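Novice: Supplied in C-alpha cells, the structure appears directly below.
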Amino acid sequence: MSWFSSVELGPPIEVFQLTKQFQEDDFPQKVNLGVGAYRTDEGKPWVLPVVRAAEKTLANDDTLNKEYLPVLGLDLFSSLSTKMLLGNDSAAVTENRAFGVQTLSGTGALRVGAEFLATYLGRTVFYYSKPTWENHRLIFLNAGFKEAKEYRYWHEEKHGLDIEGLLEDLNNAPEGAVIILHACAHNPTGCDPTQEQWGQIAKVIREKKLFPFFDSAYQGFASGDLDKDAWAVRSFVNQGFELFCAQSYAKNFGLYNERTGNLSIVLNNAAHIPAVKSQITWTVRGMYSNPPSHGARIVAHVLNSKDLFEQWRGNIQTMSSRIIEMRKRLREELETLRTPGNWNHITEQIGMFSYTGLNQSQSQHMVKKHHVYMLKSGRISMCGITPNNVKYVAASIYETLTA
Ligand code: PMP
C-alpha cells in the first residue's frame, strides 16, 4: 500500500516541455522561439556586463555575510525598486505613501500581493486579460482567490487590442474585484493600450471601484526607456489610485534564476503603512520566511551607483534594440516573400513576445515540419530570432501559410 497511489499525472507546462523537445531535437537549423529569455545575436544566453561587475565587487566585500535578510528583504533594494517604478519625484514617494517588499521575482510579488489581498481585504474575484501570462490564474487561485474571470484583450481580426470588449468586461466587474494589468509589453500579445486607452481603463476602474494590480515584468526591457515603460503605473499613481505592482528583475537585469523581485505598494494614506507592512510580514513569514540576498544585492548595488546605473541602461538598450531590430528584419523577410496576410503587427508589438496570428495547427506545423519551436497560441519570443535564422523562420512561416 502507498499513500501516493491516488495521485494522477499532472499536465505538462507547455513552455518547459517545448524547451525539452527543442534540446532533444538534433535538426541543425532548429530554432527555439518558445522560451522567454534574452539571447544574443549568436543565440546565446547573456549575463549583463554590469551584473558581472557588481558580482565581482560584492564577492570581494568581506563585510557581507550569509545571515538571514529581514522578512521583507533588503531595505535599500526595495526602496530603490519602488522609486525606479514610480519615479523619484512621485508624490507617493515624497509623501512616504509607497513602499516595497523584496520578493521571489515577479511571480513571488504577485503571490504575496494576492495572498495579502485575499487574507486581509477579503478579496475573492480577480480578472486577467484574455489571453495573459499563463501563470496569473494559478498564482491567484493558490493565493486564496475564489473566482477567476477574464476580460477581453486581443482582437483576432484586428490583430490588436479589443478596447471595447475590455472596457465592457471591466464595467461588468463586481466592486472590489482585483484587475491584473500588464504594465508594459503585454505577454503574450506584445500589444499595449495607448495612453488614451489607459485613461479609459483608469476611468472604469475608478467608477466601478476595482483594484488595479499591475504586473511589471519588462520595465526598460520593452522600449529601452525605464520611464516610458513605467508610464501606465505612474499615470494611475498620479491620478490618486491605491495599487499594487509586481516587479521582476528577470528580464531587465537578466537575473532569471536569482528570483529577484519587488512588490510595490502604493496607498493614499501614509498612516496605514505600518499595519499593512506588519501583516505582509506575516504573509511572507508563513510562505518562505525571508528572501535570498544575491540578486537583491546586485540590483541595489547597481541602482545605488550613478555610474553603474548608466551602464545598466546601456545594457538594457543593447537588449531592447536587438529585439526591435529583429522585429524589423522578420517583417521585411515575410513581406519580401509575399507571405499571405498583413505583418504590421510584428513591428507594432512591443517587448519580448509577438502574437504572430498563426493558429494552433499552423503553430504545430512550424514545430513538426520546420523545427521552429513556438507555443500553440502562435506566440513567439523575438529573443530567439537572430540574423542567422531570421530568413529560415520567415521561410518556415511562408511555407506554413501557403502549404
Ligand atoms: N509576469 C509576466 C507577464 C511575465 O511574463 C513574467 C515572466 N515570464 C512574470 C510575471 C514573472 O516572472 P519571474 O517570476 O521570473 O520574475
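Novice: Determine whether Ser381 is surrounded by fewer than 22 Cβ atoms within 10 Å (Cβ to Cβ), of a type in the set (S, T, N, Q) and in the same structural domain as Arg39 (by TED's automatic domain parsing). Even if it seems obvious, please write down each step before you answer.
Specialist: Values: surrounded by fewer than 22 Cβ atoms within 10 Å (Cβ to Cβ): no; of a type in the set (S, T, N, Q): yes; in the same structural domain as Arg39 (by TED's automatic domain parsing): yes.
In short, no.
Matching residues to (1) closer than 22 Å to Val47 by Cβ; (2) in contact (Cβ under 8 Å) with a residue 12 or more places away in the chain; (3) more than 16 Å from the ligand (Cβ to nearest atom); (4) within 20 Å of the chain's Cα centre (by Cα):
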{"site": "Pro193", "(1), (2), (3), (4)": "no, yes, no, yes"}
{"site": "Gln200", "(1), (2), (3), (4)": "no, yes, yes, no"}
{"site": "Asp225", "(1), (2), (3), (4)": "no, no, yes, yes"}
{"site": "Trp231", "(1), (2), (3), (4)": "no, yes, yes, yes"}
{"site": "Phe236", "(1), (2), (3), (4)": "no, yes, yes, yes"}
{"site": "Phe241", "(1), (2), (3), (4)": "no, yes, yes, no"}
{"site": "Ala246", "(1), (2), (3), (4)": "no, yes, no, yes"}
{"site": "Lys251", "(1), (2), (3), (4)": "yes, yes, no, yes"}
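Novice: Now a separate question. Go through segment 254-286 and count every residue that is closer than 28 Å to Pro49 by Cβ, part of a helix (DSSP H, G or I) and charged (D, E, K, R).
Specialist: Residues that pass the stated criteria total 1.
Novice: Also, I was wondering about something else. Only residues that are surrounded by 17 or more Cβ atoms within 10 Å (Cβ to Cβ) and among the β-branched types (Val, Ile, Thr): list them for segment 173-226, please.
Specialist: Of everything in segment 173-226, those that are surrounded by 17 or more Cβ atoms within 10 Å (Cβ to Cβ) and among the β-branched types (Val, Ile, Thr) turn out to be Val178, Ile179, Ile180, Thr189, Ile201, Val204, Ile205.
Novice: Ok, one more. Let me confirm something: among Val101, Val112, which residue is of a type in the set (A, V, I, L, M), in a strand (DSSP E or B), in the same structural domain as Lys277 (by TED's automatic domain parsing) and within 16 Å of the ligand (Cβ to nearest atom)? Give the steps one after another, and end with the answer.
Specialist: On the way: Val112 fails: in a strand (DSSP E or B).
Unique residue meeting the criteria: Val101.
Novice: Looking only at residues that are in a helix (DSSP H, G or I) and in contact (Cβ under 8 Å) with a residue 24 or more places away in the chain in segment 127-160, which one is surrounded by the fewest Cβ atoms within 10 Å (Cβ to Cβ)?
Specialist: So the first thing to find is which residues in segment 127-160 are in a helix (DSSP H, G or I), and the list is 136-142.
Filter once more, so that each one left must be in contact (Cβ under 8 Å) with a residue 24 or more places away in the chain: 136, 139-140, 142.
Working: His136: 22, Ile139: 25, Phe140: 28, Asn142: 11.
The qualifying residue surrounded by the fewest Cβ atoms within 10 Å (Cβ to Cβ) is Asn142.
Novice: Could you tell me whether any residue of segment 269-278 is over 22 Å from the mean Cα position of the chain (by Cα), under 30 Å from Pro387 (Cα atoms) and in contact (Cβ under 8 Å) with a residue 60 or more places away in the chain?
Specialist: Going residue by residue through segment 269-278, those that are over 22 Å from the mean Cα position of the chain (by Cα) are 269-278.
Pick out the ones that are also under 30 Å from Pro387 (Cα atoms) and you get none.
No, because not a single residue in segment 269-278 is over 22 Å from the mean Cα position of the chain (by Cα), under 30 Å from Pro387 (Cα atoms) and in contact (Cβ under 8 Å) with a residue 60 or more places away in the chain.
Novice: Could you list all residues from segment 1-35 that are within 24 Å of the chain's Cα centre (by Cα) and in a loop (DSSP other than H, G, I, E, B)?
Specialist: Within segment 1-35, Pro11, Pro12, Ile13, Leu33, Gly34, Val35 meet the criteria.
Novice: Could you please find all residues in segment 127-138 being more than 9 Å from the ligand (Cβ to nearest atom) and of a type in the set (A, V, I, L, M, F, W, C)?
Specialist: Result: Leu138, single match.
Novice: Let me ask another. Just the residues that are touching an Asp or Glu at 6+ places or on another chain (Cβ under 8 Å) and small (Gly, Ala, Ser), please, taken from segment 273-300. Can you show your working first?
Specialist: Here is the first cut: in segment 273-300, the residues touching an Asp or Glu at 6+ places or on another chain (Cβ under 8 Å) are 283, 287, 292, 294-295, 298.
Within segment 273-300, just Gly295 meets the criteria.
Novice: Further, regarding this structure: Give Gly351, Gly357 a once-over and let me know the one that is on the phi > 0 side of the Ramachandran plot and either surrounded by 19 or more Cβ atoms within 10 Å (Cβ to Cβ) or not in a loop (DSSP other than H, G, I, E, B) (or both).
Specialist: Values: Gly357 fails: either surrounded by 19 or more Cβ atoms within 10 Å (Cβ to Cβ) or not in a loop (DSSP other than H, G, I, E, B) (or both).
Only one candidate passes the filter, namely Gly351.
The values are calculated or read from the model by the stated rules, or taken from the named source; none is laboratory data. Remember, predicted model here, so these are calculated numbers, not experimental data. Neighbour counts run over all protein chains shown; Cβ positions are idealised from the backbone, glycine included.
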